[in-house]
Structure formats: C-alpha cells, structure tokens
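The values are calculated or read from the model by the stated rules, or taken from the named source; none is laboratory data. Remember, it's a predicted structure, so these values are computed and weren't measured experimentally. Glycine gets a Cβ as well: all are built from the backbone with ideal geometry, and neighbour counts include every protein chain shown.
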2 protein chains.
Amino acid sequence: MPVTIYDVAKKAGVGIGTVSRALNNSPQILPETKARILQIAQELNYQPHALAQGLARRKTGTIAVIVPFFLTYFFIEMLKGIQHELTQYQYDLILYSVDQKEKLNTFLKRTLQEKRVDGVLLCSLSISTHFAEKFIEAGSPIVLLDTFHPLLDSITIENELGAYQATLQLIQAGHRKIGMINAPLISRPARLRYKGFKKALLDAGIEFKRKYLMIGPRTDESDGFTREAGYQAMKQLLTNDSDRPTGLFISSDIQAIGAIQALQEQQLSSPTNMSIVSFDDIELAEYFGLTTMRQPIYEMGKLAVQRLVEKLSAKGEAVFQKKIIPELIIRKSCAILSTH
Amino acid sequence: MPVTIYDVAKKAGVGIGTVSRALNNSPQILPETKARILQIAQELNYQPHALAQGLARRKTGTIAVIVPFFLTYFFIEMLKGIQHELTQYQYDLILYSVDQKEKLNTFLKRTLQEKRVDGVLLCSLSISTHFAEKFIEAGSPIVLLDTFHPLLDSITIENELGAYQATLQLIQAGHRKIGMINAPLISRPARLRYKGFKKALLDAGIEFKRKYLMIGPRTDESDGFTREAGYQAMKQLLTNDSDRPTGLFISSDIQAIGAIQALQEQQLSSPTNMSIVSFDDIELAEYFGLTTMRQPIYEMGKLAVQRLVEKLSAKGEAVFQKKIIPELIIRKSCAILSTH
DNA sequence: TTGAAAGCGCTAACAA
DNA sequence: TTGTTAGCGCTTTCAA
C-alpha cells in the first residue's frame with residue numbers, strides 16, 4: 001500500500017496542506033514543523049505521486065523528444081546531449097520515434113492535447129506550418145533541433161556554409177573534377193548542402209557535372225544518410241570509369257564510410273584514388289581518417305534543452321534561431337592533387 | 001483552453017459518466033448515444049488528459065527503460081527493438097540513463113514509488129537483491145534485459161556458451177596460441193565470456209597464458225566495451241613481439257574494430273597476422289568482415305517488451321528466464337592456420 | 001441505460 | 001502559521 005500525503009499528515013498530526021508546504025518548501029511554514037514533517041516523510045519513505053502532483057500543478061516534469069525511427073550515430077550523440085542536460089534540470093524524457101510520416105502529426109497532436117509533457121524537442125523532422133501555429137496558439141513550448149521553421153525556436157547547423165567550405169577544401173587541394181554523394185533532397189540538410197556545394201563550384205568557376213552527382217536511395221528504414229546508401233552511391237559512380245571525379249564531397253561521414261568500402265572492393269582507396277570531404281565528425285570519422293565538417297551535435301542537444309527549459313519557466317519572447325557553424329576537421333581523406 | 005470531458009458532456013446533453021463510457025467503449029451504453037457522443041468528441045477535438053486518466057485508472061500507459069549512460073551501438077539496437085514493440089502496444093517510453101552508480105537505485109526507487117510508470121525494463125545493469133525484493137513486494141512489473149537476477153524475469157544471452165563456441169572456432173581453425181581481449185570483469189557478460197573462453201581452451205588441452213589476456217580500461221564514460229578500449233588492449237598486446245598469440249577472442253565487435261586499428265598502425269592486419277572472433281554482430285561487423293557471435297539484440301528488446309506487457313495485464317506467474325543462444329557468423333577475420 | 005457523486009493524490013486559495 | 005476545502009480531469013461505483 002503506497003503511502004500518501006494523508007498518512008504523513010496523520011502521523012505528524014497536521015493537515016495535508018501543511019505537509020504539502022513542508023515538501024514544496026513554502027515559506028509559510030514554521031521551520032520546526034517543517035523539519036518534523038520532513039523527518040516523518042522520510043521515515044514513512046513517502047514520495048509524492050507523480051500524476052497527482054502533475055494534475056494539481058498543471059505540469060508534468062516531463063518533456064517529449066521526437067526523433068526519426070532510424071537512430072543513427074547522429075541521433076545517438078544528440079540524445080546523449082539532451083539526456084545529460086535534462087538530468088540537470090530534473091526533467092524526465094519521453095522518447096517518441098517516428099516511423100511513418102503520419103506518426104509525427106499524431107505525436108505532435110498528442111503532446112499538444114494530452115498534456116503528458118510540458119514541452120517538446122523535435123529533432124531532424126519537419127513540422128508543418130499548421131502545427132507550428134497550433135503550438136504557438138497553445139503556448140506549448142517547443143524547440144526544433146537540426147530542423148527549421150520560421151515561426152519556432154530552432155537550433156540548426158549552417159549546412160550551406162559547411163558544404164561550401166568542404167567543397168572549397170577540395171578545390172584548394174587542387175581538385176577540379178569534383179563530385180558529390182548526397183542524401184535524397186527531401187531532407188533539408190541534403191538540399192542545403194547541395195546548394196553550398198554548387199555555389200562553391202560556381203564561385204571557383206568550376207563546371208558542375210550532373211554525372212558527378214550521386215544521390216543514394218532512401219528507404220522506409222532510413223533517411224539516406226547511411227553507410228549502405230553511401231556504398232551504393234559510390235558503386236554507381238565507379239561504373240563510369242572513363243570520366244570520374246578526383247574529389248568528392250559526401251553529405252555525411254557514415255555515407256563516406258560506405259563509399260570507402262565500395263572503393264576498396266575495387267582495389268581503390270581514399271585519398272589515393274579519390275579525395276573525400278564529408279560532414280558530421282561522428283566518432284568513427286577519426287578512425288577512418290575522414291576530413292570532415294564537424295557538427296557539435298552533443299552541444300546542440302544541450303543547447304536545445306537549455307532553451308526549452310528557459311521557455312518552460314518564462315515563455316513568450318522573440319523567436320530564437322541559433323545557427324551553428326560547422327568546423328573543418330582536417331585528417332587525411334582529402335589529398336593535395338599533385339600538379340604535373 | 002483545452003476541452004475536457006465536461007465540455008463534451010454538456011454539448012451532448014449527457015453526464016460525464018456517459019461520455020466516459022462512450023470513450024472507453026463500455027458495453028453499458030446505448031449504441032446511438034455512444035455514436036452521438038463520439039461524434040461530438042470528434043468535433044470538439046477532444047482528447048483525454050493523460051494524467052487525470054492515469055490518476056483515475058491507476059495506470060499511466062508508460063514504461064521506464066533504464067540504460068547505461070554510454071549509449072553504444074549495442075544499446076541503440078536494443079532501444080530500437082524496445083521502441084518498435086512498445087509502439088505496437090501503445091505504451092510510451094520514459095528513458096532513464098544511469099551515469100553514476102547511485103543513480104540506478106534512485107531511478108528504481110522512483111519508478112517504484114512515484115507511480116509515473118507501469119513497469120520497467122532494466123538493461124545491462126545489475127539490480128541488487130534488496131531492490132529485486134522491493135519490486136516483488138510491490139508487485140511492480142520489471143524485466144531484465146542483458147542482465148540477471150534469480151528472483152526476476154530476464155532475457156539474457158548465453159555468454160559462456162557463446163564464448164566457448166567463439167574460442168572453439170579459433171581452435172578448429174588450427175590455432176594453439178590463443179588470447180583474449182576482454183572488458184573489465186565487473187561486467188557480468190565479461191566474466192561469463194572469460195569463463196567460456198578458458199573452458200574451451202581447457203577442453204582442448206590448450207594452455208591458458210596469462211600474458212595472452214588483455215583487459216581494456218573502464219572509464220566513467222564507458223563500460224570498457226568500446227573501440228578505444230580494444231585499440232589500447234591490442235596495442236598493449238603487440239608490445240610483446242617475441243611471443244604473440246595467433247588467434248584472439250575479443251569480447252565485442254566494437255573492441256575488435258579498435259583492435260584492428262591498432263594492428264593496422266603497425267602494418268599488420270587481420271586475419272593475416274591475427275585471427276579474430278568477436279561478439280555481438282553489430283552493423284559494422286559486416287563491414288569489417290568480422291567472424292563473430294551474433295546476439296539478436298533487436299529481437300531481445302522486442303521479447304522483453306512482450307514479456308513486460310504480459311506482466312502488465314496478467315501478473316503473478318513463475319519467474320521467466322529466457323536464455324538466448326548466440327549464433328556463429330563466419331566472415332573472414334578468422335583464418336585457417338596453415339599447417340607446415 | 002443513464003446521471004450523480006465519490007474518489008484518485010496532490011496543490012493552492014481561503015479562512016481561521 | 002495552519003487547517004480546510006475546492007479543484008485538477010478523469011473512472012467507476014451506486015442509484016435511479
């Protein structure tokens with residue numbers, strides 16, 4: 001039989017209101033009674049019922065984190081940052097993973113109406129304007145992570161700029177035949193990285209060749225930022241052995257790793273036969289010696305939580321849109337092209 | 001202003017009890033009134049308040065998943081299985097990650113008393129007998145995943161058997177100088193795999209050499225089943241260049257990957273200079289061509305959820321202890337030793 | 001078949 | 001400073 005506030009009150013010989021005050025350290029209570037009550041609560045091993053407390057307080061102490069179903073390295077890192085920071089603020093985390101498109105809206109609707117959570121962190125998934133407005137109307141705190149909507153708070157990476165820099169790195173290494181392996185363009189980061197890539201070529205006066213561009217497949221199981229997708233893309237690219245790029249910008253490390261595998265199967269290697277600059281800087285990037293654009297994913301997760309918690313207490317400010325600039329990490333997958 | 005059951009009742013011209021009956025498809029209601037109420041609820045976009053519902057029903061529709069803080073590939077896979085299955089049963093998932101030892105007990109205590117969740121899934125972390133008994137007393141459903149306690153339901157891998165088989169594979173390939181890279185022995189799987197390893201050697205009449213055993217370091221950040229730990233262990237092992245093993249059982253794929261890296265740094269490779277059999281069969285194992293003992297992690301996650309959900313409805317049966325037998329996956333990291 | 005009312009365990013406003 | 005009480009939004013008896 002779980003012990004309730006009534007049990008504590010009875011044993012202490014006070015009303016439940018007083019117990020509540022003692023527990024929530026209200027100033028309107030005599031220090032001695034407070035001490036006595038706390039003591040008794042301890043003895044009885046009392047712990048408030050979370051749901052009852054939530055119902056009365058109109059807040060749950062829980063936030064929802066919505067992520068794509070395919071938990072890749074990227075999301076793990078993000079989750080770690082989020083989780084770590086959330087612990088600091090004493091919030092619990094409900095994890096929703098979206099395996100189908102409609103699911104996201106279901107979850108958003110639920111978080112909005114069901115009142116099971118105080119706020120939501122939406123990761124890497126696009127929210128419709130309809131729902132963005134709903135959240136604003138309802139005054140429900142939400143922050144977007146690695147995704148964007150003009151009406152809402154967000155923390156994103158400067159994808160276009162990062163891609164530009166990555167490509168520039170290839171150009172500065174002397175490459176002129178530069179290609180890209182990208183994820184499908186339904187993904188916003190994929191679109192932006194593509195844009196940055198093309199701009200870098202344009203600015204350098206290098207022609208963009210359509211056949212140097214490879215877009216890996218997307219499946220129900222993945223968003224296309226996968227090792228397998230990178231592998232397939234590179235294989236496809238190697239099909240054309242008369243005219244191949246010498247340098248490649250690949251939209252994620254994990255794809256680059258797959259691509260390197262495809263290279264090796266043909267007795268080729270990076271950077272000898274193909275220079276590569278990728279994106280993310282996941283843990284494995286170091287192992288593969290990838291020159292890559294580092295996204296501080298963990299820190300972004302922390303930042304998102306901080307912002308959300310801020311909104312949870314004092315809401316109603318201007319839209320907060322933080323853009324993080326990725327950092328070029330030079331390893332050895334991008335070689336300087338020998339001039340002959 | 002959120003719409004409540006009262007709003008629906010008023011608009012339908014009925015009592016809230018009737019609305020509740022309509023919503024929870026109780027048989028004690030006239031089909032027509034039910035239809036009408038449902039219709040109105042729809043129009044009003046009504047959704048029950050989760051906490052209020054939970055308070056009244058004495059169940060939350062949420063389960064807790066407790067995992068170690070260092071989310072490795074192993075846990076990700078496990079989480080995916082859990083998450084996927086949980087969705088089928090309409091349960092929400094609260095994720096607790098344990099970053100310090102005391103934290104686990106805090107979480108267990110909370111789940112027990114706070115009534116925020118209906119049950120718990122404890123992954124890869126040891127529960128004390130004290131808490132095991134508490135859970136039984138309280139009748140709180142809990143199932144252990146990749147961890148064991150005699151009093152509680154659990155789903156574990158036959159670690160000892162798996163290690164035995166892995167080692168046997170090396171022996172059958174002709175190896176006689178066989179070593180092991182292991183994680184620290186505080187980990188139960190590490191202990192059991194060590195045991196299986198030694199038994200295989202013993203049964204084959206092969207001497208176990210202490211200097212062929214390498215145990216990687218454990219840190220606050222990790223349990224020792226990491227790439228870095230494997231890397232360090234192999235480096236250490238290579239220190240001795242006069243007398244090295246030719247075959248190695250490594251306690252996880254990710255450590256094996258680190259070990260291979262150390263090998264490569266010395267211009268060595270597997271299997272040419274060192275045969276390796278590892279454990280887990282994570283996604284990357286295929287890429288590295290690891291011969292390994294496959295743990296059906298995803299399926300174990302699913303199974304755990306199924307069992308938990310079962311207990312959630314009809315509890316109070318015998319202790320369920322499922323032991324999964326790992327499967328040998330032959331790739332190319334273990335070479336047949338040429339007889340000369 | 002339905003409505004009214006008594007909880008579920010807590011917080012917070014109101015009195016005392 | 002404290003006790004009492006009215007909610008919080010729902011489920012579920014108990015009568016009708």
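Within segment A:115-131, the set of residues being in contact (Cβ under 8 Å) with a residue 40 or more places away in the chain, assigned to a loop (DSSP other than H, G, I, E, B) and not β-branched (Val, Ile, Thr) comprises A:LYS115, A:ARG116, A:ASP118, A:SER124, A:LEU125, A:SER126.
Looking at segment A:236-264 only, could you name the residues that are within 14 Å of chain B (Cβ to nearest Cβ) and in contact (Cβ under 8 Å) with a residue 12 or more places away in the chain? Hits for segment A:236-264 are A:ASP253, A:ILE254, A:GLN255, A:ALA256, A:ILE257, A:GLY258, A:ALA259, A:ILE260, A:GLN261, A:ALA262, A:LEU263. Going by the conditions given, is B:ALA56 within 10 Å of DNA strand D (Cβ to nearest atom), assigned to a helix (DSSP H, G or I) and within 9 Å of chain A (Cβ to nearest Cβ)? Considered against the rule, which asks whether it is within 10 Å of DNA strand D (Cβ to nearest atom), assigned to a helix (DSSP H, G or I) and within 9 Å of chain A (Cβ to nearest Cβ), B:ALA56 comes out as no. Exactly one residue out of B:SER140, B:SER124, B:SER154 is more than 10 Å from chain A (Cβ to nearest Cβ), surrounded by 19 or more Cβ atoms within 10 Å (Cβ to Cβ), touching an Asp or Glu at 6+ places or on another chain (Cβ under 7 Å) and among the polar types (S, T, N, Q), and it is B:SER124. Listed by position, the strands (runs of 3 or more DSSP E) inside segment B:249-340 whose residues that are assigned by TED's automatic domain parsing to the domain that holds B:LEU170 and aromatic (Phe, Trp, Tyr) number at least 1 are B:275-280.
Regarding segment B:75-89, can at least one residue be identified that is outside any helix (DSSP H, G or I) and in contact with a Leu (Cβ under 6 Å, 6 or more places away or on another chain)? For segment B:75-89, residues outside any helix (DSSP H, G or I) and in contact with a Leu (Cβ under 6 Å, 6 or more places away or on another chain): absent. Within the option set B:ARG244, B:ARG227, being closer than 22 Å to B:ASP146 by Cβ and out of contact with any strand residue (DSSP E or B) (no Cβ under 7 Å at 6 or more places or on another chain) holds for one residue only, B:ARG227.
Listed conditions (1) within 16 Å of DNA strand D (Cβ to nearest atom); (2) within 30 Å of B:ILE254 (Cα to Cα); (3) acidic (Asp, Glu) are all met by A:GLU114, apart from (2). Here segment A:1-21 is the region considered, the condition is being more than 7 Å from DNA strand C (Cβ to nearest atom) and not in a helix (DSSP H, G or I), and the residue that is farthest from the other protein chains (Cβ to nearest Cβ) is A:GLY13.
Does A:LEU108 fit the bill of being under 22 Å from B:ARG116 (Cα atoms), of a type in the set (A, V, I, L, M) and more than 16 Å from DNA strand C (Cβ to nearest atom)? Answer is yes for this residue.
The condition (being under 17 Å from A:LEU170 (Cβ atoms) and surrounded by fewer than 18 Cβ atoms within 10 Å (Cβ to Cβ)) is satisfied by just one residue among A:ALA256, A:ALA285, A:ALA204, A:ALA200: A:ALA204.
When segment B:83-97 is filtered for residues that are more than 10 Å from chain A (Cβ to nearest Cβ) and either surrounded by 19 or more Cβ atoms within 10 Å (Cβ to Cβ) or within 28 Å of B:ALA285 (Cα to Cα) (or both), the ones remaining, listed by number, are B:GLU85, B:TYR91. Taking B:TYR73, is it at the interface with chain A (Cβ under 9 Å from one of its Cβ atoms), within 16 Å of DNA strand D (Cβ to nearest atom) and of a type in the set (Phe, Trp, Tyr)? In short, no.
When B:GLY205, B:GLY224 are screened for being within 26 Å of the chain's Cα centre (by Cα) and free of Cβ contacts under 8 Å to residues at least 60 places away in the same chain, only B:GLY224 passes. Filtering segment B:256-285 down to residues that are in contact with a strand residue (DSSP E or B) (Cβ under 6 Å, 6 or more places away or on another chain) and polar (S, T, N, Q), which residue is nearest to B:ASN182 (Cα to Cα)? Ranking the candidates gives B:SER278 first. Would you call B:GLU32 within 11 Å of another protein chain (Cβ to nearest Cβ) and either within 15 Å of DNA strand D (Cβ to nearest atom) or not aliphatic (A, V, I, L, M) (or both)? Considered against the rule, which asks whether it is within 11 Å of another protein chain (Cβ to nearest Cβ) and either within 15 Å of DNA strand D (Cβ to nearest atom) or not aliphatic (A, V, I, L, M) (or both), B:GLU32 comes out as no. Condition first: within 20 Å of A:GLN53 (Cα to Cα) and either within 8 Å of DNA strand C (Cβ to nearest atom) or free of Cβ contacts under 8 Å to residues at least 12 places away in the same chain (or both). Now tell me which residues in segment A:30-43 satisfy that. The one that is within 20 Å of A:GLN53 (Cα to Cα) and either within 8 Å of DNA strand C (Cβ to nearest atom) or free of Cβ contacts under 8 Å to residues at least 12 places away in the same chain (or both): A:GLN42. Annotation: of all residues in segment A:59-69 being at the interface with chain B (Cβ under 10 Å from one of its Cβ atoms) and part of a strand (DSSP E or B), the one that is nearest to DNA strand C (Cβ to nearest atom) is A:THR62.
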